[in-house]
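Written below as structure tokens is the structure these notes are about.
Since every read-out is calculated from the coordinates, none of them should be taken as a lab result. Note that this is a predicted model, so its numbers are computed, not measured. Methodologically, a virtual Cβ is constructed for each residue, glycine included, from the backbone with ideal geometry; neighbour enumeration extends over all protein chains shown.
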Protein chains: 2
Amino acid sequence: MKPERTKDPADLLVFNASKVLTLAGPDRPRSGEEMQDLGAIPGGAVAMRGGRILETGASAQLRDHYADAKRLDAAGGLVMPGFVDCHTHLVYAGSRENELAQRLAGASYLDILAAGGGIHSTVHATRAASYEELTQLALKRMNQMLQHGTTTVEIKSGYGLDLETEKKILEVAAAAGRRHPLDVVPTFLGAHAVPRGTNRARYVNWLIKEALPALRGLSEFCDVFCEKEAFTAKETGRILRAAKRHGYGLKVHAGQFSDLGAAGVAAGLGAVSAEHLENVSEAQLKQMRNSGTVAVLLPGVPFFLLSERYADARRMIRLGVPVALGTDFNPGSCPSFSMQMGVALACLKMMMTVEEAITASTINAAWAIRRADWLGSLEPGKQGDLIVLDVQDISSLPCHFGTNLVRSVVKAGQIVLPPRH
Amino acid sequence: MKPERTKDPADLLVFNASKVLTLAGPDRPRSGEEMQDLGAIPGGAVAMRGGRILETGASAQLRDHYADAKRLDAAGGLVMPGFVDCHTHLVYAGSRENELAQRLAGASYLDILAAGGGIHSTVHATRAASYEELTQLALKRMNQMLQHGTTTVEIKSGYGLDLETEKKILEVAAAAGRRHPLDVVPTFLGAHAVPRGTNRARYVNWLIKEALPALRGLSEFCDVFCEKEAFTAKETGRILRAAKRHGYGLKVHAGQFSDLGAAGVAAGLGAVSAEHLENVSEAQLKQMRNSGTVAVLLPGVPFFLLSERYADARRMIRLGVPVALGTDFNPGSCPSFSMQMGVALACLKMMMTVEEAITASTINAAWAIRRADWLGSLEPGKQGDLIVLDVQDISSLPCHFGTNLVRSVVKAGQIVLPPRH
């Protein structure tokens, strides 16, 4: 058929999958019905070379074409792109696990924040931690993420709130990405909270005049937490406009506890994503659809905050807004980094179909961090990032909630889990 | 100090824990404030010989006393008894993962059951499966459970509803227990549903006159599903009384969807446990307290059934009813077997403290299957069943919901995870 293929040897062939979910499709964030199409190849295989995907197809065929490649037998498991966790705050020191007991006793997340706990407590610990301490903590968390199937992670700063520590966090994120198989995408979130001992107007000015220009080389995106205890929609607009002038891609934390209008502001500025969105008007969702702004939903947060207020994913999908999923992994409002659990919560709490949840946690998540040309689907030329799950069918993912179904992880064409192979 | 110990060599020493949670305490199911006491030994160690626990204590001390023992370095992780999953339906064939899509489309669990799906669909597949097929399925699930920290599992029959298949399920459960490190405790649940093609009165008579005497040697407990689409409280009482005469320990599925009074009936007969209990009157809870009947709560079920109606654990603990946790692992209403997830749901959905949830999933779960003399705590003479978790403190358990924190598993004094050591 195509005998020339034998001259083009593969480094690695993953074969014998129950299905390979390629997520191949149109070159845009998937919305509406498109989110149902996983591009499944029954009995499929994936050939990789030089870290990239050469070809996907039927196992029988690819086994012949790439007879000399190293082999990973998927043994009837499900093969899909590695999870892309497009919203985390992974670089931090200290622990806030005691806050759960406070919340079980009735305090809200915003109560704890307003009392100087929450983000402020993590800021305190992160300022005190050394570069190497933070790096070791980050690497340990990235190992655990990898074991649970995540192959790319966005990391927001925002636990420094001064130039030195914000810089340290962004540098640690980048260094951890170089030292670990996971790809890291850093985001500057200086506008995470107003630090103790300053006032909000002075802090916003400092962000715009000093921090944004100084950190430009360390972060591809700028994000703002628009919320009652954080920044107003007007401040959000000022910061994001300045960030845009400095060449940052734009992101926003919008509508987590209250709808201050940030999703609309961000969409109006062409933001890549608006995130959380538990509270958001239909008008803003339509703005997001028109600007191609991805809705990044984080169901682990209301789950952990003892809330039953989840983002209305069904309405977003009906309106044609592209939906992505992230964990929001952070020490306070979601200390879980499992994208598998995110998929389960998306189905059980936001009534997403499993297909939609998989699209949202792979290719659409890659769009939310501008990596869709390179990650998030198994298509020739893209990076060879895939996982083998110990299930035959996608319907098992929400059913096995709370368990780790990952059997193998391939990152950039290399088997990274199990560790020795 | 006690030099004679050097003449008493240990086979295995687990040391260097952040804490060893011994769960040592009074010789009865723990209730009320007792559930808060985990018997923690900071910097602890556990010495085992011949499959049993010799001693627990400080690492420094035990390391000297048992200098010749094989060592497992807990490396600052948390050591606790292996989880005891005291309510599962692990032996079955077929899959019902499609039912989630039906439920997302609006059908209830009882709708699906009444339409001949649900349990009936599993009965069909389980009758058709061979002894060896069922055994292989069971062993695979037990491997996954072990990887998630469960070291003992109760397994209910009830997917046969005829003598041949009920017998097959109980025999498979016993055989799987012999072939696998996990301990298995089999329970006869012929009264799981009225099989298609018979009537309820005839089936109840058959259970009492034929099944109970025939299966006595294969099952230690008899259980009844008292519910609208299953058996009435009166039928439940008849079946349990007959079971008691035949020497079975008694269990009951009570109040899962509606309170038919089964918890009170079972408590009146001295049942070991009443299970589910989302709907149960205070009077019945007081009967349970007085009879020492353990409340086995299964929060994975409402979570997976898209319900927010969880058992009122706080009321039970306040009333002095001993509370245990199980997964209810089964193909329909809870296909997850993670006790770690059960602990997280107990905290986040039933407002149990982490301490209560750990007591409930170890020593109290052992009481619920009459194994507390042998399992569920780390006390001298008991079986050496423990897990090492990759966290320093118990507060991390609910925080890391959906991830697998298990680093090592020791069963009967042997390291069974990681597999080769």
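Here are some notes:
- Karplus (6.51, -1.76, 1.60) ³J(HN,Hα), θ = phi - 60°, over the range B:33-49, in Hz, Gly and Pro reported as x: 4, 4, 5, 7, 9, 9, x, 6, 10, x, x, x, 8, 9, 9, 10, 8
- Between B:A60 and B:L306, full extension at 0.36 nm per residue minus the direct alpha carbon distance yields a gain of 83.7 nm.
- In degrees, nearest ten, helix A:119-128 long axis to first principal axis of chain A (Cα): 80
- nm² value of the averaged projected area, convex hull over the Cα atoms of the range B:335-421: 6.5
- At R0 = 56 Å, FRET efficiency that the Cβ-Cβ distance of B:R314 and B:R179 yields, to 0.05: 0.85
- From phi via Karplus (6.51, -1.76, 1.60), per-residue ³J(HN,Hα) for the range A:71-83 in Hz, x at Gly/Pro: 10, 10, 7, 6, 6, x, x, 8, 10, 8, x, x, 5
- Comment: the Cα-to-Cβ extended label point of A:G106, at 7 Å, lies 4.1 nm from its counterparts in the other copies, nearest first.
- The calculated 222 nm mean residue ellipticity attributable to helices in chain A amounts to -9500 deg cm²/dmol, summing -39500 (n - 2.57) over DSSP H runs of n ≥ 4 and dividing by all residues.
- Gap separating the Cα centres of the range A:132-176 and the range A:191-231, nearest whole Å: 19
- Relative contact order of the range A:101-225: 24 percent, from C-alpha pairs under 8 Å at least 6 residues apart in sequence.
- Tilt relative to chain A, helix A:233-245 - C-alpha long axis, 0 to 90 degrees, to 10: 60
- For chain A, the longest principal axis of the C-alpha atoms and the axis of helix A:131-147 are separated by about 40°.
- Measuring max minus min along each principal axis, the C-alpha atoms of the range B:152-308 give extents of 40, 38, 32 Å (largest first).
- Once both labels are positioned 7 Å from their Cα atoms along Cα-to-Cβ, the gap between A:D111 and B:R245 label points is 5.7 nm.
- Shown is the FRET efficiency for B:A128 and A:D37, computed with R0 = 41 Å from the Cβ-Cβ distance and rounded to the nearest 0.05: 0.75.
- Three-way shape call for the protein assembly as shown based on the alpha-carbon gyration tensor, with the a/c threshold at 1.5: prolate
- Summary for A:R178: label point 7 Å along Cα→Cβ; distances to the equivalent points in the other copies, ascending, 6.0 nm.
- Annotation: aspartates and glutamates with alpha-carbon distance below 15 angstrom to B:K244 (same-chain offsets under eight excluded): B:E210, B:E220, B:D223, B:E235.
- Cross-link partners for A:K411 among the lysines, with Cα-Cα distance under 30 Å and sequence neighbours closer than 8 places in the same chain left out: A:K2, A:K7, A:K19, A:K70, A:K140, A:K156, A:K167, A:K168, A:K251, A:K382, B:K140.
- Using θ = phi - 60° and Karplus 6.51 cos²θ - 1.76 cosθ + 1.60, couplings along the range A:287-300 (whole Hz; Gly, Pro as x): 4, 4, 4, 5, 8, x, 7, 7, 8, 9, 9, 9, x, x
- Across identical copies of the chain, A:P213 has label-point separations of 9.5 nm, listed in ascending order, with the point defined 7 angstrom from Cα along Cα→Cβ.
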